[in-house]
1. Using θ = phi - 60° and the Karplus form 6.51 cos²θ - 1.76 cosθ + 1.60, what ³J(HN,Hα) does each residue of segment 376-382 get, whole Hz, x for Gly and Pro?
2. Starting from the Cα of LYS194, draw a straight line to each of the aspartates and glutamates and keep only those under 20 Å, dropping any in the same chain fewer than 8 residues away.
3. Order these peptides, 353-363, 203-213, 129-139, by their mean beta-carbon neighbour count within 10 angstrom, highest first.
4. If you count, for each residue, the other Cβ atoms within 10 Å and average over each peptide, how do 235-246, 250-261, 148-159 line up from highest to lowest?
5. In segment 111-261, if the dipole is taken from +1 on Lys/Arg beta carbons and -1 on Asp/Glu beta carbons about the Cα centre, which of VAL115, TYR201, VAL153 is farthest to the positive end?
6. Please compute the modelled spin-label separation between GLU317 and GLN353, points set 7 Å along Cα→Cβ, answer in nm with one decimal.
7. Roll a 1.4 angstrom probe over the protein heavy atoms and tell me the percent of accessible area of segment 94-169 that is carbon or sulfur.
8. Full-extension gain between ARG237 and GLU200, please, as 0.36 nm times their residue separation minus the C-alpha to C-alpha distance.
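The values are calculated or read from the model by the stated rules, or taken from the named source; none is laboratory data. Computed from a predicted model, the values in this text were never measured in an experiment. With ideal geometry, Cβ positions are generated from the backbone for all residues, glycine too; neighbour counts draw on all protein chains shown. Areas reflect the complete protein model, heavy atoms only, side chains present, ligands, DNA and RNA absent. Shrake-Rupley method; radii C 1.70, N 1.55, O 1.52, S 1.80 Å.
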Amino acid sequence: MAPGNLLHRRLLLVCTVASCPALAPGFVSGWAPSVPRGRFARQRSLVAGGSQFTGGVEHRQDGGGFVHSANDTTLRVPWLPRPSQFSNPDEVMAQAKHSLVMMRHGESAFNKHHVFTGWCDVPLTAVGRQEAREAGEILGARGLEFDVVFCSVLQRSTVTCSLALEACGQTWVDVRPRWQLNERHYGALQGLSKARIEEEYGSDLVSGWRQGYHVRPPPMGHDHPHWALMAQDRRYRDLVDTDTIPVTESLADTAVRVMELWHGEIAPLIAEGKRVLVIAHRNSLRALIRNLEGLSDEQVAQMTIPTGAPFVYPLEEHLRPVGVPLSCENGNNDDPEKSAGCGFQGIFLSDDQCEKSYRRTIAQCLSDWDEDPAHPPEACLNLTPDECVLDF
């Protein structure tokens, strides 16, 4: 299928406010962040032990009480001039020399109950595990093969990675877990019901914490029920030993570590011609997309990345995104997909017909092989229909 025909499968960049249930049994209760009414007290340093996180991002406090991080322009790749939304898709896509596939992990237990998750290592739900398997089928149905897969060190990412690779027959691929791809650290909000926090502190304040690119939530203290989960976790031993384990992060803070990983490991591999898949989290992906594409703070605030839905970024030779961006201004409020965009240049990979054909072929392969193990069936030799294979 030609890339131009996929352009309507865009990541839905819609700003939503979900109605959240009360905190589910078994989650943190009886504890709340210490947030002074009106304006915040002066924010503590970002890292435990009083050390200040630098990473190229400074922070300031505005008159409304929010703690902000300064502009992170040094992290960004040089942006290409954006093609018009009326450009010929095939001409634009002809610039693509590389590609990067990304996806958010499957639904987690805290996603299900609308709880601030952050660095809490919660498992996937049954729905989330199924989303991961279906994502792998999407990758297989598109004939996508990978050399290296990056994921976070949180199990909702690593398990999604394992299930997706199993579903597309690539369990042997080089998988590299990196803490830099962890979800944004939500500080004192971690483990708390989003609805309950909004009711207590107001929607404007909570919206700023969640959507503001340069705004940090209140920091996690050593008395927080989740503190020991991270401080005593051997995954973060080096961060603890160097007093650089975060206690809260803005999205800009998250971008510092994500983009350092991009420039240090991911981008060089892509430039070498390696085929890379990144399985991460809502905010680590938003940070990466924002800094690859040059989205404004307002655009990234509207971005919603669904769980378990892989998408591909066509990249030109200098690893800058190419594609026809969709415009927020010219959208249709009655059709979220037509009103989505805000400059996003990624392409959703899902195609029902390709996935159904892929599942049928795998089922036929396994059935035939079970009957005659000595002779691999013809169906096993070409699982992906030619018309479903991406050609960029």
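1. Values, residue by residue: x, x, 4, 4, 6, 8, 8 Hz.
2. GLU107, ASP121, GLU183, ASP204, GLU249
3. Details: 353-363: 16.5, 203-213: 18.4, 129-139: 22.5.
Ranking, from highest mean packing down: 129-139, 203-213, 353-363.
4. Details: 235-246: 16.2, 250-261: 24.5, 148-159: 22.6.
Peptide ranking by packing, descending: 250-261, 148-159, 235-246.
5. The listed residue farthest towards the positive side: VAL115.
6. About 3.6 nm, to one decimal.
7. On the way: 1030 of 2300 Å².
Ligands and nucleic acids excluded, carbon and sulfur reach 45 percent.
8. Details: separation 37, 0.36 × 37 = 13.32 nm, distance 3.48 nm.
Answer, rounded to one decimal: 9.8 nm.
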